[in-house]
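One structure below.
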Amino acid sequence: MSKSLEILNNVFGHEAFRGKQEDAVEAVISGRDVILLASTGGGKSVCYQIPALVRDGVGVVVSPLKALMKDQIDTLQFLGVAADTINSDVTGYDRLNVMNAIRKGEVDLLYVTPELLAQPKFMAFLKEVKIACFGIDEAHAASAYGHDFRPDYQVLGLLSHHFPGVPRIAVTATADPQTLADIKEMLNLHDALVLETSLDRTNISLSIEKRDSAKQQQAKMLEIIRSRQGQSGLVYCVGKNTVDKVAKWLASEGVSALPYHAGHSNTTREDNQEAFLRGEVDILVCTVAFGMGVDKSDVRYVIHNDMPSSIEAYQQETGRAGRDGLPSDAFMFVGNQDINIRKRMIRKSKGGAASKRTDNNKLDTLIGLAESVYCRRRAIINYFGKQFVGDCGNCDNCQREVEGVDVCAEILDIVGYLRDHAGVEDTHSMTVVARDRFAARRLTEERWSLIVRQMIVNGLVEVRHSDCGRLHLTAEGKAFTGDNPFLVVKKVALTSAKFAKSPRSRSLTVGKRASSPRKPRARAAAGDYMTKPRRSRRKANVGSPLLEALRAMRDKLAKEEGREPYFIIHDTALRQMAEVMPLTGDEMLTIKGVGQAKVASYAHRFIPVIRKHAA
Ligand code: ADP
Ligand code: ZN
């Protein structure tokens, strides 16, 4: 019996590996980098935990949330595994004690936040000790194209520079092909073995319903909940206030429900979570704050009281139902109010223009899913870049007669246009084009926006985040002949985040492209830098905002280290950085005067600054 299987049996108490677990574990043990995509509840944790136990040294796990870490550490300690954490809550002697234990080789698994890894002092400490492997949880957070982007995660791209030869495994439940490519880039995992298990949770039935009125939704929710009395359910809401309101309303209807959100005191949260985990209360009404890392396998249904932010979020949240594999249900209610709330959240978010655009596009695609007349599961699986042939038979659309109007002619028109202008026109000028073209067809802007959304959801068109959100035809889109009807709903019930409502698209006129988003900066393949004479990608004047931001960062670093700014990095190097805009450690190395040591120490501080301006 292999060592890893022995540990799976004896330490974790599982009989056999499932999915791609064994491949992942063995690869990491042999020293290979791995990216593992597996659904929520797929058992990703053991894939970094077991190699940490088999290989010499301490396994370092990077996790975005302290709450997530705590759950895993508690479980591991219960199983007799020496697991610990250093984070901002662990200070003084406690921190020294953990560090000493690590030095003595007494810790198998150490959980840390990405912020901690960014601290040079901590990095220096890690270099003194033997590291078994790195586990990177929720790896989609490293990509601006994924949901829940965490700029802190980008420091992890430098691990290979700091710890050559130490294998890294990045795991996530949600990554569409563009996010996956970006994860590889950001985390410097180009040669990683990519393992994927099916994202399809066939045991979960999917239903999405347009909210006509709050009253109608309440009646429907009560019907769902009352027919499932005694079963565990989650009700996801957009914010704290809604959570409290819905929980109160359910209680007033005699339903066994408790609220859970970050605004409650720790004890209330823990009590309510415990009551739910133990089955003392049927329903937990919560924000997305609940669920990550919580392991309750018999949640029978998830209701989205409000619409989530993206298909990824929808997939992740509905995935909390039926981890035991038994039939479960996911219901989602959507309405224009939700769209407006989400739009506002995006507007107010801290992200830059590029991340807002990506978020809007993701919201748009979810709206497309909601208004599609075809199999929802197929759309979701396709969205994650996987083939799904036929209909699932387990979603609301599969269970009713497909109804709608055929828009093949319009689609052929758009396909023709995109074929001529592939990757040139962005979604905003697409708006213009379509308006122009469809004026003759007497279609409203909202109407053809819906058609474009349906092309996206049905895989004919891809919104390419790395190309300023421009629309590109997919292979399927290029092959579209219009021989079979392509149906969309008769009436536009949901308005989109962008196609219909962007003030910017309104103000654009054909031929006037001045306000369209900037062209993406050309990105050469990494190897090109070495051979071609490097030319500036964009002219950065002295004092350009990026250069100033880089200088500010350098001054900050100098202050932190109590050194002169030029010691950190020379002005000429900064200028070159502002011109070349390197986004990875390797690219950073092409800057004159920046060697391995500088990259290791500072690249993770400069790259986020550049990234912000690259948008
Ligand atoms: P993920 O991180 O992929 O969402 P977890 O690692 O939290 O999932 O695992 C989900 C559940 O599956 C946990 O209860 C875990 O103990 C269990 N599990 C993991 N691997 C196996 C296995 N090989 N056989 C049975 N149960 C497993
Ligand atoms: Zn279906």
Inset, instruction - Read through the list (1) open to solvent by less than 60 Å² (accessible area, probe 1.4 Å); (2) over 25 Å from the mean Cα position of the chain (by Cα), then give the number of the only condition that LYS44 fails. - result: (2)
Legend entry - Pairs, first among the hydroxyl-bearing types (Ser, Thr, Tyr) in segment 99-126, second not in a helix (DSSP H, G or I), C-beta under 6 Å, six or more apart: TYR111/VAL61; TYR111/SER63; TYR111/THR85; THR113/ASN87
Legend entry - Filter pass, ARG18 being within 14 Å of ligand 1 (Cβ to nearest atom) and either under 29 Å from GLU312 (Cα atoms) or in contact with a helix residue (DSSP H, G or I) (Cβ under 9 Å, 6 or more places away or on another chain) (or both): yes
Legend entry - Checking ASN360 against (1) part of a strand (DSSP E or B); (2) open to solvent by 20 Å² or more (accessible area, probe 1.4 Å), the condition it does not meet: (1)
Legend entry - Qualifying residues in segment 113-149 (those that are under 16 Å from TYR602 (Cα atoms) and part of a loop (DSSP other than H, G, I, E, B)) - the one least open to solvent (accessible area, probe 1.4 Å): ALA118
Inset, instruction - Name, by its number, the condition in (1) more than 9 Å from ligand 1 (Cβ to nearest atom); (2) modelled with pLDDT of 95 or more; (3) over 21 Å from LYS127 (Cβ atoms) that does not hold for THR91. - result: (2)
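Matching residues to (1) under 26 Å from PHE384 (Cβ atoms); (2) modelled with pLDDT under 90; (3) open to solvent by 10 Å² or more (accessible area, probe 1.4 Å):
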residue	(1), (2), (3)
ALA439	no, yes, yes
ASN458	yes, no, yes
GLU462	yes, yes, yes
PHE486	yes, no, yes
Legend entry - Any hit, segment 152-159, residues being closer than 30 Å to LEU363 by Cα, within 16 Å of the chain's Cα centre (by Cα) and open to solvent by 10 Å² or more (accessible area, probe 1.4 Å): yes
Inset, instruction - Please work out which residue is surrounded by the most Cβ atoms within 10 Å (Cβ to Cβ), limiting yourself to segment 382-417 and to residues that are within 15 Å of ligand 2 (Cβ to nearest atom) and at positive phi. - result: GLY393
Legend entry - Pick from segment 312-357, criterion closer than 18 Å to LEU199 by Cα and of a type in the set (Ser, Thr, Tyr), ranking: surrounded by the fewest Cβ atoms within 10 Å (Cβ to Cβ): SER328
Legend entry - Single residue of ALA354, ALA379 found to be among the aliphatic types (A, V, I, L, M) and within 16 Å of ligand 2 (Cβ to nearest atom): ALA379
Legend entry - Filtered residue count, segment 363-381, keeping only those that are open to solvent by 10 Å² or more (accessible area, probe 1.4 Å), in a loop (DSSP other than H, G, I, E, B) and either within 16 Å of ligand 1 (Cβ to nearest atom) or touching a strand residue (DSSP E or B) at 6+ places or on another chain (Cβ under 7 Å) (or both): 1
Legend entry - Pair list, Cβ < 6 Å and 6+ apart or interchain, from segment 20-39 residues that are open to solvent by 20 Å² or more (accessible area, probe 1.4 Å) to residues that are in a helix (DSSP H, G or I) and of a type outside the set (D, E, K, R): ILE29/PRO51; ILE29/VAL54
Inset, instruction - Mind telling me which of the residues SER496, SER466 ends up being at pLDDT 50 or above, open to solvent by less than 40 Å² (accessible area, probe 1.4 Å) and either in contact with a helix residue (DSSP H, G or I) (Cβ under 8 Å, 6 or more places away or on another chain) or not assigned by TED's automatic domain parsing to the domain that holds PRO582 (or both)? - result: SER496
Inset, instruction - Filter segment 150-175 down to residues that are under 23 Å from ALA354 (Cα atoms) and either assigned to a helix (DSSP H, G or I) or modelled with pLDDT of 95 or more (or both), then give me how many there are. - result: 7
Legend entry - Among (1) open to solvent by 30 Å² or more (accessible area, probe 1.4 Å); (2) within 16 Å of ligand 1 (Cβ to nearest atom), the one test that MET99 misses: (2)
Legend entry - Candidates GLU312, GLU371, GLU317, GLU280 - the one that is of a type in the set (D, E, K, R) and out of contact with any helix residue (DSSP H, G or I) (no Cβ under 9 Å at 6 or more places or on another chain): GLU317
Inset, instruction - Would you check if GLY41 is assigned to a loop (DSSP other than H, G, I, E, B), more than 15 Å from ligand 1 (Cβ to nearest atom) and in the same structural domain as TYR153 (by TED's automatic domain parsing)? - result: no
Legend entry - Spans of helices (runs of 4 or more DSSP H) in segment 520-597 with at least 1 residues modelled with pLDDT of 75 or more: 545-561, 565-568, 571-580, 585-589
Inset, instruction - Filter the strands (runs of 3 or more DSSP E) completely within segment 237-341 down to those with at least 1 residues that are over 20 Å from the mean Cα position of the chain (by Cα) and β-branched (Val, Ile, Thr). - result: 283-286, 299-304, 328-334
Legend entry - Residue satisfying condition, being aromatic (Phe, Trp, Tyr) and within 16 Å of ligand 1 (Cβ to nearest atom), within set PHE331, PHE384: PHE384
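The values are calculated or read from the model by the stated rules, or taken from the named source; none is laboratory data. The shown structure was predicted, so the numbers you read here are calculated from the model rather than taken from an experiment. We place every Cβ from the backbone using ideal geometry, glycine too, and count neighbours over all the protein chains shown. Calculation scope for accessible area: heavy atoms of the full protein, side chains included, ligands and nucleic acids excluded. Shrake-Rupley method; radii C 1.70, N 1.55, O 1.52, S 1.80 Å.
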